[in-house]
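Only one structure is covered here, and it is reproduced in the block below.
The values are calculated or read from the model by the stated rules, or taken from the named source; none is laboratory data. Owing to the predicted nature of the structure, the values given are computational and were not obtained by experimental measurement. Cβ sites come from the backbone with ideal geometry, for glycine too, and all protein chains shown count toward neighbours. Remember, those area values only see protein heavy atoms, side chains included, never the ligands or the DNA or RNA. Shrake-Rupley method; radii C 1.70, N 1.55, O 1.52, S 1.80 Å.
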Amino acid sequence: RGDLAPRDVDEAAVERELLLASPADLVVRTSGERRLSNFLLWQAAYAELVFVDKHWPELDARDFDAILDEYARRRRRFGA
């Protein structure tokens, strides 16, 4: 694709290259880990984080309901 001049590197240029084009509202981290491991760092800047001990394949409808209930109880401040 060619090189990008440093003066052309801005927020819009970075966002054009992201796999997920819009910001995440909620990031669920499974398997008991309490870190993002560089996963969606740009998009997760103002996301609510939920950590669960189960591995992804073990999650069921009750787990998803509990995650969404926890998210619904939070007061989003978007960095304020």
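Listing for the model above:
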quantity	calculated
Computed [θ] at 222 nm, helices only, for the chain once each DSSP H run of length n ≥ 4 contributes -39500 (n - 2.57)	-7000 deg cm²/dmol
Residue-span extension gain [residue 8 to residue 58] - 0.36 nm each, minus C-alpha spacing	13.6 nm
Carbon/sulfur fraction of accessible area - the chain, other protein chains in place, 1.4 Å, %	52
J(HN,Hα) series, region 38-52, from Karplus relation 6.51 cos²θ - 1.76 cosθ + 1.60, nearest Hz, glycine and proline x	6, 7, 6, 4, 5, 6, 9, 3, 10, 6, 7, 10, 10, 10, 10
Positive-end residue, the chain charge dipole about Cα centroid, Cβ charges, pick of 32, 6, 78	78
Additional length obtainable on full extension of the chain from residue 33 to residue 18, 0.36 nm per residue less Cα span	3.0 nm
Distant-in-sequence amide H partners of residue 48 (H built 1.01 Å from N, under 5 Å)	26, 27
Listed values [x] 19, 53, 26, 2; [y] 15, 38, 29, 12, 6; [z] 14, 22, 28, 17, 10, 7, 3, 0, entry calculated as P(r) over Cα pairs in 10 Å bins from 0, in percent	[y]
Accessible surface, per residue, of the chain when the full set of protein chains is kept, probe 1.4 Å, Å²	82
